[in-house]
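Engineer: Could you have a look at this structure, given as structure tokens, before my questions?
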Amino acid sequence: MHPRRPSLAGPAALVLLLSFCPSAAPAVDVHDTRLLAEPAVSAEHVAFVYAGDLWLARRDGSGVHRLTSHPGRESNPRFSPDGRQVAFTARYDGNVDVYLTSVDGGEPRRLTYHPAPDRAGGFTPDGTAVFFTSPRGVHTFRHAKLFTVATGGGFPVELPIPHADDAAWSADGTTIAYTPLGEAFREWKNYRGGTASRIWLYDVASHHVEEIPRPPERSNDHNPMWLGGRVYFLSDRAGEFNLFRYDPATAAVEQLTHHDDFPILAASAGPDVVIYEQAGYLHLYDPARGNSERLTIGVGADLRETRPRYRSGARFVRSAAPSPSGARAVFEFRGEIVTLPAEKGDPRNLTNTPGVHERSPVWSPDGSRIAYFSDASGEYALHVAPQDGRGETRIYPIAGNGFYEDPKFSPDGRKISFTDNGWSLYWLDLDGGELTLIDSEPVYGPVKTQHHSWSPDSRWLVYTKITDTYFRQIHLYDLESRTSHPLTEGLADAGEPVFDAGGKYLYFSASTDAGPVRSWFAMSNADMEMTSNLYLAVLAADEPSPLAKESDEEKPASDGAKAAGGGAQAGGAKPGATGDGGAEADGDAEGVEPLRIDLEGLAQRIVALPLDEAYYSGLAAAAGKLYYVKSGGAGLFGNLSGSSSLATFDLAKREETVLMEGATGFRLAAGGKKILVQAGQRWYLADAGKPIDRSQKSLAVDAIQVRIEPRAEWRQMFEEAWRINRDYFYDPGMHGADWPAMRARYEPFLDHLATRDDLNRVLQWLGSELAVGHHRVGGGDFLDPVERVPGGLLGADYEIAGGRYRFARVYGGLNWNPELRAPLTEPGVGVVAGDYLLAVGGRELRPPENLYARFENTAGKIVELTVGPDPGGAGSRTVQVVPIESEIALRNRAWVEDNLRRVDEATGGRVAYVYVPDTSRRGHTYFKRYFFPQANKQAIIVDERHNGGGQVADYYIDALRRPQIAYWAMRYGKDLRTPLSSIQGPKVMLIDETAGSGGDLLPWMFRKLGLGPLIGKTTWGGLVGILGFPVLMDGGRVTAPNLAIWTEDGWVVENAGVPPDIEVEQWPEEVVAGRDPQLEKAIEVVLEMLEADPPKTPERPPYPVRVRR
């Protein structure tokens, strides 16, 4: 199905590249501007977002003028009922907050100060307050809450609605139409999982809700608006999102618009019309006439972000390699290939191709050329260019899987090996252009462990290939016979193979404890680490071991010449005496003695280097020396534990020398005399084998500047994102989408991009056509990134009493754990619920001043508080606290502990309660924290609501399904069970709409294995995986799910979710009353199960009599 499989029959075409000239981008239409977004409408005006700013126009689209001009992005404009003010969301002061401004312009007024992102929603019916949503005060990031704040400022008021994402108030103030949960469909067309958006109508007086009817197969209903006593909303129930209307009096739903090319993305109601965004334009829907009219709005913005400019910074370095002599190093830098001098001179941009992405540069052994991959033709090809930038570039088209990396020149400089995104290994003949496929990995995974290295005579390639169990196995490929031979058996994880410079030995690492780590698709390895040792294989059968036991011997006088040279090595040869690096020293393999490799008996000629067990990676060999990065161990996905260091092992001296502490990577130059070392974002070019002082001058990476042309690179990134999905998405059929047609469908929007953020929006639209979860777009290089100013929090809820702020609840933590530090409970502070907050920093604090404004930019800093038991100040005291940036961990812990207490009290201590927030490290920690201390209980409630996923939750499942094996009698105390930590009684699991990914798989496995009933709501339904993708030119990212679940029943869970056995809704009126209906039902069900089938404890038999008389 793939359009570009390797053709191995003949040579690839050679092309000469002389120059590159990006085509001029068309100008934005200033008379009928596209990509206007997030509109609002009043009796006189329309407001909208364009180029990251707010704009205002008359209702007919004329009189356009800018309302804001801050470098950050402004969004969510909403008119006040009288049309004279606009509330909006902005990041003026380093945090996402709600602001208010006049339609006449002027300085915006900041209304919120909490460090959590606050999003403007609109005005209360009387226009005296702005309502907004915010994740402040929640125990999970899956939820947000609804607040109001007076237009004149003050302390926000939390509404009783348990959680809300978007809302609209009826004109009489009695009903709020809102969506309870965040959107799941923005990058997922035709989404129908458990989080499919629905609209509830909330009665302010009774807290009772009614749901706008949806089809049986679900739909996404969102963006509610009130107009004329009826609710207008957007829905995909009939295909693309269109405008619908719901009449509460008749419960009738009516479709009002019928767009079938692009969806309506956002809408807002005014006093008599609805304005909406569709296909990049704004439209007015008039209910009186029953039709829509597209507005013609021309925006004459200067579009600063589209202008060419220069970019610099070490964060744009993606890969690097040294020149053979160490005079320069070459960098992949934000899509360009740039060389940098070791000391004297300036950076040299070899490519200068805005709008083209170049990757993975490497220097030829003779120093004359640099090879890299470039997509100048629209597909990646290998380019080989003169290192000084003068002369012709040779281009080699590649018929692989689309994306390529890790190019390596052969020592004779006439061949290059590399890998692709399909995890295949190739070599290319640079003379004739013939491409040869060497081998392909049998299975895919999250981290490419493929390694390949040339022999000094350029005839052999040694490489690793994983087995079906992900253990690396070393293979040897002969270019002459074009055959491969396995060198290791695959029972140990053997990797990083490299030839020594003389061709006598093969170095590699190997691990025998790698199993749990290499078995990556399992949560049970969350805290596992692997270590390794270094080994040497003697390639020729008659070559002695360079590590044979030594013996000091007296030398006769007649052998004085030998004596002067030191004691003889067993076998006569001195280890490492192989010249200055063999063929790699000068890039000329002519005359290099061919390698002799005796495969028979090779396993018996492997010896271990005398080094401590550690984790060794990045092996590279020079004359008599082996270089590597050494760390304590490696966990899941190759994450190193502890500090790492660059070290070398001298084969002749049989000793290790640490060259640099804190090194994170290195590249050894051809010839082995120079080395390029990375330590964080600093790079050092030094003499190989000598210690490197990190305080010495590093390469001037900050001196690199590349000229960018945003419009050209935005187009390239659009094409690249399209190709990433084409080449990585798990289904070659693209879920039935005509992928070339999708590119053509969205490409016209590129001419209208005003900002980098616009590009992300278009990429989201493109990706949504795959109708799949986990498709994500984000990041990028923005013109004026706003520096974040974090606020400080104390870990408390507040109430107003006696004209003061009073602590309503103080959240405890684990103050020995930095992630659970509770500022008000630390030693010497001792603030408790009921105390008053009287002053901050010596300044009195009283409502309505927003108390969070006093804690702006205080996270991690000492703040002086005056607190006391009396609002008048009697008995007050002064304490010093250190606020935290986020309270979510404290609030989540409090929620878990409250639930644990509730279950314990309701069941008389018979039932365990275990919460698992995800199926990754945090969930692993929570499970260990709460399951094992309660393993003596008779039954268990596992709560996976809000589960954020991560991995296959085998760790939880294995612990929950352990069968009872036996009991053990001991002289003292109770009998011992095997397994010791197991719960044999009933098990139930709580699920909800916000649990997804691994949080989908966990309840699916729970049900499949018959562990017990599921209680709650259908889960998210996003059971595909993402295993890593190429970075976009400017650092942006796009995913293309490349892992999907299926069983004998077909494709499961994705876009459906896992339904409960017992459905329980969290109705607001019950939650507001302090109840948790889902948890209550779980308690009820597990007690019924205990009553019906209590776990049985056998009676110990009489002690045996085994003595014969």
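The values are calculated or read from the model by the stated rules, or taken from the named source; none is laboratory data. Quantities reported herein were computed from a predicted structural model and do not represent experimental measurements. Note that each Cβ is placed from the backbone with ideal geometry, even for glycine, and that neighbours are counted across all protein chains shown.
Engineer: Identify all residues within segment 1074-1100 that are at pLDDT 95 or above and loosely packed, with under 11 Cβ neighbours inside 10 Å; write none if there are none.
Structural biologist: Once the filter is applied, which keeps residues that are at pLDDT 95 or above and loosely packed, with under 11 Cβ neighbours inside 10 Å, segment 1074-1100 yields GLY1074, GLU1091, ALA1092.
Engineer: Looking at this structure, is LEU56 touching a Ser or Thr at 6+ places or on another chain (Cβ under 9 Å), modelled with pLDDT of 95 or more and among the hydrophobic types (A, V, I, L, M, F, W, C)?
Structural biologist: no
Engineer: Can you list residue pairs whose Cβ atoms sit under 7 Å apart, with the first residue in segment 1080-1107 being more than 25 Å from GLU1065 (Cα to Cα) and the second being surrounded by 14 or more Cβ atoms within 10 Å (Cβ to Cβ) and small (Gly, Ala, Ser)? Count only pairs 6 or more apart in sequence or on different chains.
Structural biologist: PRO1094/GLY985; PRO1095/GLY985
Engineer: Given the conditions (1) of a type outside the set (Val, Ile, Thr); (2) crowded, with 19+ Cβ neighbours inside 10 Å; (3) not assigned by TED's automatic domain parsing to the domain that holds ALA494, and given that SER455 satisfies all but one, which numbered condition is not satisfied?
Structural biologist: The single condition SER455 does not satisfy is (3).
Engineer: On the given criteria, is LEU685 touching a residue at least 60 places away in the same chain (Cβ under 8 Å) and in a strand (DSSP E or B)?
Structural biologist: Values: touching a residue at least 60 places away in the same chain (Cβ under 8 Å): yes; in a strand (DSSP E or B): yes.
It is true that LEU685 is touching a residue at least 60 places away in the same chain (Cβ under 8 Å) and in a strand (DSSP E or B).
Okay, residues lined up against (1) out of contact with any Asp or Glu (no Cβ under 9 Å at 6 or more places or on another chain); (2) within 23 Å of GLU656 (Cβ to Cβ); (3) buried (at least 21 other Cβ atoms within 10 Å of the Cβ):
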residue: HIS485; (1), (2), (3): no, no, no
residue: TYR505; (1), (2), (3): no, yes, yes
residue: SER524; (1), (2), (3): no, no, no
residue: SER532; (1), (2), (3): no, yes, yes
residue: LEU547; (1), (2), (3): yes, yes, no
residue: SER551; (1), (2), (3): yes, yes, no
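Engineer: When the residues of segment 121-137 are filtered to those that are within 29 Å of ARG893 (Cα to Cα) and not basic (Lys, Arg), which remaining residue is surrounded by the fewest Cβ atoms within 10 Å (Cβ to Cβ)?
Structural biologist: GLY137
Engineer: Then there is this: Can we say ILE337 is over 22 Å from ALA679 (Cα atoms), of a type in the set (A, V, I, L, M, F, W, C), buried (at least 18 other Cβ atoms within 10 Å of the Cβ) and in contact (Cβ under 8 Å) with a residue 40 or more places away in the chain?
Structural biologist: no
Engineer: Which residues, counting only those in segment 725-744, are touching a residue at least 12 places away in the same chain (Cβ under 8 Å) and either crowded, with 22+ Cβ neighbours inside 10 Å or more than 23 Å from GLY422 (Cα to Cα) (or both)?
Structural biologist: ASN725, ASP727, TYR728, PHE729, MET742
Engineer: Here's something else I'd like to know. Being over 26 Å from VAL330 (Cα atoms) and without any contact (Cβ under 8 Å) to a residue 12 or more places away in the chain, is that true of even one residue in segment 385-400?
Structural biologist: No; the residues of segment 385-400 include none that is over 26 Å from VAL330 (Cα atoms) and without any contact (Cβ under 8 Å) to a residue 12 or more places away in the chain.
Engineer: For segment 33-75, give me each residue that is under 17 Å from VAL274 (Cβ atoms), outside any loop (DSSP other than H, G, I, E, B) and either touching a residue at least 60 places away in the same chain (Cβ under 8 Å) or touching a Lys or Arg at 6+ places or on another chain (Cβ under 6 Å) (or both).
Structural biologist: Correct list: ALA37, GLU38, PRO39, ALA40, VAL41, VAL46, PHE48, ALA57.
Engineer: Can I ask one more? Which condition number in (1) modelled with pLDDT of 95 or more; (2) assigned to a loop (DSSP other than H, G, I, E, B) is the one that GLU1070 fails?
Structural biologist: With (1) modelled with pLDDT of 95 or more; (2) assigned to a loop (DSSP other than H, G, I, E, B) applied to GLU1070, the lone miss is (2).
Engineer: Determine whether GLY367 is crowded, with 17+ Cβ neighbours inside 10 Å, assigned to a loop (DSSP other than H, G, I, E, B) and either touching a residue at least 12 places away in the same chain (Cβ under 8 Å) or β-branched (Val, Ile, Thr) (or both).
Structural biologist: Taking the combined requirement at face value, the residue satisfies it.
Engineer: When only residues in segment 98-108 that are surrounded by fewer than 24 Cβ atoms within 10 Å (Cβ to Cβ) and under 35 Å from the mean Cα position of the chain (by Cα) count, which is farthest from HIS45 (Cα to Cα)?
Structural biologist: PRO108
Engineer: In segment 631-681, what residues are over 17 Å from VAL330 (Cβ atoms), in a strand (DSSP E or B) and outside the structural domain of PRO516 (by TED's automatic domain parsing)?
Structural biologist: Once the filter is applied, which keeps residues that are over 17 Å from VAL330 (Cβ atoms), in a strand (DSSP E or B) and outside the structural domain of PRO516 (by TED's automatic domain parsing), segment 631-681 yields only ALA679.
Engineer: Looking for something surrounded by 14 or more Cβ atoms within 10 Å (Cβ to Cβ), small (Gly, Ala, Ser) and farther than 24 Å from GLY94 by Cα - is there at least one such residue anywhere in segment 857-864?
Structural biologist: no
Engineer: Related question: I need the full set of residues from segment 798-820 which are modelled with pLDDT under 95 and crowded, with 17+ Cβ neighbours inside 10 Å, in order please.
Structural biologist: GLY813, LEU820 - these are the residues of segment 798-820 that are modelled with pLDDT under 95 and crowded, with 17+ Cβ neighbours inside 10 Å.
Engineer: Take the residues in segment 203-224 that are over 31 Å from the mean Cα position of the chain (by Cα), of a type outside the set (Asp, Glu) and assigned to a strand (DSSP E or B), then tell me which one is surrounded by the most Cβ atoms within 10 Å (Cβ to Cβ).
Structural biologist: Of everything passing the filter in segment 203-224, PRO224 is surrounded by the most Cβ atoms within 10 Å (Cβ to Cβ).
Engineer: Only one of ALA822, ALA808 is over 30 Å from ARG192 (Cα atoms) and over 29 Å from the mean Cα position of the chain (by Cα); which?
Structural biologist: When all the criteria are applied, what remains is ALA808.
Engineer: A further question follows. Could you tell me whether GLU496 is among the charged types (D, E, K, R) and touching a residue at least 40 places away in the same chain (Cβ under 8 Å)?
Structural biologist: Here the answer is yes, as GLU496 does meet what is asked.
Rundown of residues vs (1) closer than 20 Å to THR994 by Cβ; (2) polar (S, T, N, Q); (3) in contact with a strand residue (DSSP E or B) (Cβ under 9 Å, 6 or more places away or on another chain); (4) modelled with pLDDT under 95, yes/no style:
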residue	(1), (2), (3), (4)
ARG902	no, no, yes, no
GLU905	no, no, no, no
GLY908	no, no, no, no
PRO917	yes, no, no, no
PHE927	yes, no, yes, no
PHE931	no, no, yes, no
LYS937	no, no, yes, no
ILE941	yes, no, yes, no
ASN947	yes, yes, yes, no
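Engineer: Can you tell me which residues in segment 188-202 are touching a strand residue (DSSP E or B) at 6+ places or on another chain (Cβ under 9 Å), of a type outside the set (S, T, N, Q) and not in a strand (DSSP E or B)?
Structural biologist: GLY194, ALA196, ARG198, ILE199, listed by residue number.
Engineer: Within segment 617-651, take every residue that is touching a Lys or Arg at 6+ places or on another chain (Cβ under 6 Å) and of a type outside the set (Asp, Glu) and give me the one that is farthest from TYR684 (Cα to Cα).
Structural biologist: So, considering only residues that are touching a Lys or Arg at 6+ places or on another chain (Cβ under 6 Å) and of a type outside the set (Asp, Glu), the one farthest from TYR684 (Cα to Cα) is THR648.
Engineer: Can you tell me how many residues within segment 225-258 are of a type in the set (A, V, I, L, M) and surrounded by 18 or more Cβ atoms within 10 Å (Cβ to Cβ)?
Structural biologist: The initial filter retains those residues of segment 225-258 that are of a type in the set (A, V, I, L, M), namely 225, 227, 231, 234, 238, 243, 249, 251-253, 256.
Narrowing the set further to residues that are surrounded by 18 or more Cβ atoms within 10 Å (Cβ to Cβ) leaves 225, 227, 231, 234, 243, 253.
Qualifying residue count, segment 225-258: 6.
Engineer: Among the residues of segment 753-787, write down those that are among the basic types (Lys, Arg) and buried (at least 21 other Cβ atoms within 10 Å of the Cβ). Give the steps one after another, and end with the answer.
Structural biologist: Here is the first cut: in segment 753-787, the residues among the basic types (Lys, Arg) are 756, 761, 776.
The one that is among the basic types (Lys, Arg) and buried (at least 21 other Cβ atoms within 10 Å of the Cβ): ARG756.
Engineer: Pick out the one residue from ARG707, ARG761, ARG711, ARG715 that is among the basic types (Lys, Arg) and touching a strand residue (DSSP E or B) at 6+ places or on another chain (Cβ under 7 Å).
Structural biologist: Matching residue, one of ARG707, ARG761, ARG711, ARG715: ARG707.
Engineer: In addition: Here are the criteria: (1) closer than 22 Å to TYR852 by Cα; (2) under 25 Å from the mean Cα position of the chain (by Cα). Tell me which single one PRO160 does not satisfy.
Structural biologist: (2)
Engineer: Among (1) over 28 Å from ALA801 (Cα atoms); (2) outside any loop (DSSP other than H, G, I, E, B); (3) among the polar types (S, T, N, Q), where does THR148 come up short?
Structural biologist: (1)
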